[in-house]
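So the structure is just underneath, and the comments pick up after that.
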Amino acid sequence: MWTSCRLGPDQLQAKLEAGLLVVRVKDTTLTVEAVCHSAADLQVLREVAGFCVECQLNGGPLKWLNLSNELIGNLPPNGRLVTVIDAARINSQFARLVVRGDNLEAFASKGLHFRLGIPPRRQPPVWPYISNAGRTVWPDGEDKLHTPAYTTVDMDSDEGWLAFDIYLHGNGTTCDWAEGLLRGTETRRTVYLSGPGGGWFPVADKIILAGDETALPAIGRILENRQSYAQTRTYIELRNADVIAELKPTLPQDVELLDRSKGEAAASIFQSLKPEDIEGTFLWFGGEKSEATRLRSLVRNVWDLPKKQHYIGAYWTNTAMG
């Protein structure tokens, strides 16, 4: 989240992807100034500052001087309601959904990822809203939204639509919802969409990409931008030889496909790297949570790589691992 941080005797300056937070302390008064370029970014900064003060410092809610009454009780500026206008299978592994909505311009220039908010069945949906303290209040209990993260694979802000791919692994809320949309039996076509987030394309001369099926949409977006990199190495872990045979014709020829049924794993690619492989190279991984945790420890604690040189994303959790 933090890209840089500077500490002074009476103030803290923290630079984030969304903008700048300046925290000042005088006597017993704490003030926070947020500097950014859009209402959506301002909401992200409010959330970060509010969380730090309320949850980390055990303070009371912040009082934002420029928080308009029109904002309170309504959808957050970094969120919007969208409607599914198309659902189709790409192959046996993925479905592509297209949603239509307003306020999608930012997805064309920053943040590869976003979060869906899928409402529960059998009751009217309840959507997030802004509190008097400027924080997003999410529905809970029976109204709780399912909030998976996905990657934008195509969009047109002028036309007002955005497309993303869902890996149809057959388990969980999102797959059930997507399968219903494919069959035409799903009535929950209006969902919440927040973002964009998760960073833009990596900046580097060389890049190594590795991930499993869940990372395919993000890896695909980055490979579309491969002219920005002098050298790209890509490894994708798939379930078995049948899936490899199906997807191989759809991927660039220089992508190396790994067979999970034979014990081949995307995470092991990073674990086998030598110091000369890492120098000047951006490392990108997307996959199972426990694998991502191990890789974060490796790149941060063993290799001591700066944040600007790596991205390690946990895209799903293997609950069987405990």
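The numbered conditions (1) under 30 Å from Val126 (Cβ atoms); (2) crowded, with 18+ Cβ neighbours inside 10 Å are all true for Glu237 except (1). No other residue among Gly111, Gly170 is touching a strand residue (DSSP E or B) at 6+ places or on another chain (Cβ under 7 Å), under 23 Å from Lys289 (Cα atoms) and not in a strand (DSSP E or B) apart from Gly111. Taking the range 54-87 as the range and being among the acidic types (Asp, Glu) and either open to solvent by 60 Å² or more (accessible area, probe 1.4 Å) or part of a loop (DSSP other than H, G, I, E, B) (or both) as the test, the residues that pass are Glu70, Asp86. Just one residue in the set Arg122, Arg135 is of a type in the set (Lys, Arg), open to solvent by 40 Å² or more (accessible area, probe 1.4 Å) and without any contact (Cβ under 8 Å) to a residue 12 or more places away in the chain; that residue is Arg122.
Each residue in the range 88-113 was checked for being closer than 20 Å to Ala215 by Cβ, open to solvent by less than 10 Å² (accessible area, probe 1.4 Å) and at pLDDT 95 or above, and 2 pass. Just one of (1) within 30 Å of Pro76 (Cβ to Cβ); (2) open to solvent by less than 50 Å² (accessible area, probe 1.4 Å); (3) in contact with a Leu (Cβ under 7 Å, 6 or more places away or on another chain) fails for Thr190. It is (2). The set of residues from the range 268-322 being without any contact (Cβ under 8 Å) to a residue 12 or more places away in the chain and within 18 Å of Thr234 (Cα to Cα) comprises Ser268, Ser272, Lys274, Glu276, Glu279. Report those helices (runs of 4 or more DSSP H) wholly inside the range 202-318 carrying at least 2 residues which are at pLDDT 90 or above and farther than 21 Å from Phe164 by Cα. Helices (runs of 4 or more DSSP H) meeting the threshold: 241-247, 267-271, 289-297.
A Cβ distance below 9 Å, combined with a sequence gap of six or more or placement on separate chains, defines the contacts here; from the range 147-166, residues that are open to solvent by 40 Å² or more (accessible area, probe 1.4 Å) reach residues that are assigned to a loop (DSSP other than H, G, I, E, B) and of a type in the set (Phe, Trp, Tyr) in the pairs Thr147/Trp138. The number of residues in the range 59-107 that are within 25 Å of Thr187 (Cα to Cα) and aliphatic (A, V, I, L, M) comes to 13. Scanning the range 178-187 for residues that are assigned to a loop (DSSP other than H, G, I, E, B) and open to solvent by less than 30 Å² (accessible area, probe 1.4 Å) turns up just one, Glu186. The residues in the range 141-155 that are assigned to a loop (DSSP other than H, G, I, E, B) and more than 16 Å from Leu81 (Cβ to Cβ) can be counted, and the count is 2.
Number of residues in the range 286-322 that are over 19 Å from His169 (Cβ atoms) and either among the aromatic types (Phe, Trp, Tyr) or open to solvent by less than 80 Å² (accessible area, probe 1.4 Å) (or both) equals 13.
Against the test of being out of contact with any helix residue (DSSP H, G or I) (no Cβ under 8 Å at 6 or more places or on another chain) and either within 15 Å of Pro76 (Cα to Cα) or assigned to a strand (DSSP E or B) (or both), the options Asp158, Asp165, Asp102 yield a single qualifying residue, Asp102.
Of all residues in the range 114-140, those satisfying the criterion of being within 23 Å of Pro61 (Cα to Cα) and outside any loop (DSSP other than H, G, I, E, B) are Tyr129, Ile130, Thr136, Val137. Among the residues of the range 17-53, those identified as over 26 Å from Ser109 (Cα atoms), open to solvent by less than 60 Å² (accessible area, probe 1.4 Å) and free of Cβ contacts under 8 Å to residues at least 24 places away in the same chain are Cys52, Val53. Across the range 258-285, the number of residues qualifying as farther than 22 Å from Ala314 by Cβ and open to solvent by less than 90 Å² (accessible area, probe 1.4 Å) comes to 4.
The values are calculated or read from the model by the stated rules, or taken from the named source; none is laboratory data. Keep in mind that this is a model prediction, so the values were computed, not measured. As a convention, Cβ positions derive from the backbone with ideal geometry for all residues, glycine included, and neighbour counts pool all protein chains shown. Accessible surface areas use protein heavy atoms only, side chains included; no ligands, DNA or RNA. Shrake-Rupley method; radii C 1.70, N 1.55, O 1.52, S 1.80 Å.
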